[in-house]
Amino acid sequence: MSRGFRLAALPLLFTLSAPLSAQTRTAAGLDERRTPIVAAVEKVGPAVVNISAEQLVRRRASAWEEFFNYGSPDRRERGYRTESLGSGVIIDPNGIVVTNAHVISGASRIFVTTADGRELEADVLGADADNDLAVLKVESKNLRAARLGTTNDILIGETAIAIGNPFGLSNTVTTGIVSALHRSVPGDSGRVYSDFIQTDAAINPGNSGGALVNVLGELIGINTAIVGGANTIGFAIPVERVKRITDDLLRFGEVKPVWLGVRAATVTSDKNRASARGLGARIRSVYPGSPAEEAGLEEGDIVTSVDGRPVESREDFDTALTSAGPGKTLSMEVRRNGKSRMVAVRTTRAPDNLGLEVLRREIGISLTAKRSGGLAITSVANGSPADQKGIERGDELLAVNGRKVTSLEDVGRALEAAASRPTTVLVVARGRYAYTITFRLD
């Protein structure tokens with residue numbers, strides 16, 4: 001009986017395990033399998049592209065090569081082409097693509113391959129290494145663009161979907177959760193990136209520049225792979241900052257600093273002095289006639305939050321301004337003499353003379369353009385940082401923060417671009433000699 005029961009059961013088991021027909025499967029279960037994640041990928045996937053950046057790396061020919069080429073000048077400089085691959089996101093159907101700045105850095109030619117297989121050559125409209133963002137333009141119309149969301153209501157623990165287009169493999173999707181917000185991250189380049197979204201969705205170099213998406217199919221960040229050796233830790237630039245940086249790059253070709261008219265420094269205690277984190281941002285100086293002065297901010301005030309977001313350092317303070325953009329009213333919690341109060345300050349764009357004013361107020365140098373070309377230092381304030389470093393009237397200013405300067409406008413742009421940096425580096429010439437001098441401004 002036992003043997004017969006088993007034999008009789010075999011056809012029944014086989015019948016139960018037989019696959020359903022394609023029609024039955026479609027009718028019975030496809031809609032149930034289309035989860036919110038699937039729907040989100042279907043919405044955003046067509047907007048995620050592959051970025052191929054071609055770079056010509058030059059090297060000098062070896063002595064052996066020069067010997068056999070008889071030292072021909074046109075053969076002494078050798079080169080080979082390299083190619084970096086990453087991802088990008090179409091944010092405007094008229095051909096505007098956002099990616100990471102490090103993906104296209106140093107590229108001689110850039111190609112964008114869309115999800116439907118079209119390869120389009122791209123122009124760089126602007127790039128900002130400090131925020132690791134670049135904006136590209138391709139000549140095509142009616143492209144599928146991602147819908148931009150917001151991080152203002154993002155929930156720690158909610159589902160996060162990373163979509164990339166690495167190595168020409170079409171869309172690659174990984175999922176995870178939002179692990180943390182407002183992360184400060186040291187990059188391989190030595191920069192410190194702040195206010196990042198942290199996720200455990202896998203983000204590798206090929207996915208860098210791709211989309212971080214919520215389950216509604218909305219773009220909430222641009223993924224970036226900047227931390228070497230990170231395991232199950234990915235980071236993304238919040239979409240609000242992407243909007244703000246992209247707008248500046250499209251309008252000006254560079255990121256314009258947001259200005260309140262203050263310089264700030266991180267407040268530290270003996271216990272956390274060695275840490276990048278602190279107890280707030282102390283106002284070091286307030287510029288006359290600035291929005292900060294009009295709002296009643298004073299030297300020595302400590303900013304502890306901006307629009308409800310904690311401020312633990314100067315970097316947090318600068319990030320809040322950068323993300324907000326100009327023309328916004330910020331609510332700041334300020335501590336003065338041990339008491340806290342709320343202050344409303346309206347952001348604006350930096351005035352045209354900000355760079356020269358920083359040079360005069362913070363370093364103690366005034367300049368004039370020479371008729372023969374170049375910039376001469378006309379005065380050095382007694383006891384100023386410049387005076388203490390030995391700079392003298394009549395010296396010539398050659399460069400600011402690595403940028404060659406030949407006009408007052410050059411100086412203004414170089415200092416304006418680094419208005420929040422804690423240091424400024426000048427190259428000053430005296431006679432036949434040039435000196436590189438670093439000034440701390442915090």
**Asked** Which whole-Hz couplings ³J(HN,Hα) result when phi for each residue of the stretch 125-132 is put into the Karplus expression 6.51 cos²θ - 1.76 cosθ + 1.60, θ = phi - 60°, listed in order with x for Gly and Pro?
**Response** 8, x, 8, 9, 5, 5, 10, 6
**Asked** Working out 0.36 nm times the residue gap between Leu279 and Glu396, then minus their Cα-Cα distance, what length gain in nm do you get to one decimal?
**Response** 38.1 nm
**Request:** Give, in nm to one decimal, the length gained when the segment between Ala369 and Asp247 is fully stretched (0.36 nm per residue of separation minus the Cα-Cα distance).
**Result:** 40.6 nm
**Item:** Where Rh is the Kirkwood radius over Cα pairs, Rg/Rh for the stretch 106-225
**Value:** 0.96
**Prompt:** Taking the highest mean first, how do the peptides 314-320, 143-149 order by number of other beta carbon atoms within 10 angstrom per residue?
**Reply:** 314-320, 143-149
**Asked** Using mean Cβ contacts within 10 Å as the protection proxy, how do 45-53, 295-303, 212-220, 133-141 order, highest first?
**Response** 45-53, 212-220, 133-141, 295-303
**Asked** How much length, in nm to one decimal, is gained on full extension between Val425 and Leu148, taken as 0.36 nm per residue of separation minus their Cα-Cα distance?
**Response** 95.9 nm
**Item:** log₁₀ of I(q)/I(0) at q = 0.11, 0.16, 0.20, 0.21 Å⁻¹ - the stretch 258-349, Debye sum with one point per alpha carbon
**Value:** -0.26, -0.56, -0.89, -0.98
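Every number in this text was worked out from the coordinates using simple rules, so none of it is lab data. What you see is a predicted model; the values in this text were computed from it and never measured. FYI the Cβ positions are ideal-geometry reconstructions off the backbone, even for glycines, and counts take in every protein chain you see.
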